[in-house]
Amino acid sequence: MDAEKSSSSSFEDLSNLNEQERAELAESSPGAVSSAHATTSEQTENSEATPADHKKEPPEHMDILGNGTLMKKVLRKGESELRPESKNIVTINYTGRLDDGTVVEEEQEAVVQIDDVEVVQGLDMALKLMNEGELAEVVVNARFAYGEIGLKNETDPKRTIPPNATITYTVELVSTKEESELESHTYASRKEIGNKKRLRGNFWMKRQEYNLAIQSYRRALEYLDDTVSAGGVMEPDAAGPIELSTTELQDLLEDRMKVYNNLALAQLKISAFEAALKSVDNVLKCQPNNAKALFRKGKIYDAKGDTKGAIALLQKAATVDVDDKLIQSELSKLVLKSKREARNEKDLYQKMLGQAQKLEQKTKVVPTKQSTDSSKLKLWGYLVGTILIGVAGVAIYRYNNP
């Protein structure tokens, strides 16, 4: 019998008695049954109280990924059943704390687009499991937060996030709405959102999270692409689409070129050379003398093994931006690399030529030796033949003259 059952053994024993045994027990021990009834009554009261007590207990965490790296607990239920979906725009309040309680992140009325990695991945995933108006606690493992390098806070060192830190967020989903059609955005809105996503891409680039950077840059291009401006953009209180001015289109172009250049670099970092070439060519198509694009393309050529093509591109970039030390430095490295490759190629050729000459000489020596051996064999053949003829002649003479 285990400890839990032994604490109420009188109830358990009485429950197994038949009517006659109960009567006999009552006669021999009048207080036993009353005690049993008391115990039964007490346990009944406890069982009735259990559901109420259970409601008061704090809810358990939901293991979102099933491996303990992302946990969510509802602190206050939402006002509706509405949950954000991918690309929805949400407004949230959140505070992030380390295990020791140190506040490292805090935002009020933050506007975030779901699945656009505008917050840490763990929080991004948890938001899709929250109802509008809900307050929740989300425990995010370092793997889905700031990983092995953490996050240095230059303005407030106390809020620096150390490497491999688990962050516990208290987050409130204030509101959620669907992403509006791109054409319905004003010029100012598109420029603001596009550059926000570009800067988020830069954030991931600095952290060497190249795939996340690529994701942010591609989303930025959707907002900064002027092809949707063919029919104009919708402005508040306007009767119809308003054409963008030349200056506005030029501003969008400049922002888009920045994104394409950074996108090319991120793609180069993950060895997606063909995709990187397409990105950088989009820049050079509009701005043939863009020094950064020429430099990026040169680096791509070098990575693909075309040193001569890389040098030509970097030389052009150096003439466009004569003050860029990085271009000059990389160009010098490539020139030295080209000379080294030429020298190695020459050495290899000479080595191959030397081996060919040795092989040729060896081939010539073998026939000479063979011809000498053949001559010796012929000479011995003649001598032996002569001796045999002489012996035969002597034998015939003796036979005819006994």
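Readers should treat all values here as calculations from the given coordinates under stated rules, not as data from a laboratory. Quick caveat, the model's predicted, so the values are computed rather than measured. Don't worry about glycine lacking a Cβ; one is built from the backbone with ideal geometry, like all the others, and counts go over all protein chains shown.
A few remarks follow.
- Long-range lysine pairs (8 or more apart or interchain), segment 156-214, Cα under 22 Å: 6
- Charge tally in the Cβ shell below 13 Å around Pro288, where Lys, Arg are +1 and Asp, Glu are -1, Pro288 excluded: +3
- Among residues other than Lys346 with Cβ under 12 Å from its Cβ, the summed charge is +1 (Lys and Arg +1, Asp and Glu -1).
- Reference-scaled alpha-carbon Rg (2.2 N^0.38 Å with N residues) for segment 59-195: 1.09
- Based on Cα contacts under 8 Å between residues 6+ apart, segment 159-225 shows a relative contact order of 31 percent.
- Kirkwood hydrodynamic radius of segment 105-177, Cα pairs, Å: 13.1
- Under 11 Å from the Lys73 label point (7 Å along Cα→beta-carbon), backbone N, segment 105-149: 137-139
- Neighbours of Arg97, meaning other residues whose beta-carbon lies under 13 angstrom from its beta-carbon, give a summed charge of -3 when Lys and Arg score +1 and Asp and Glu score -1.
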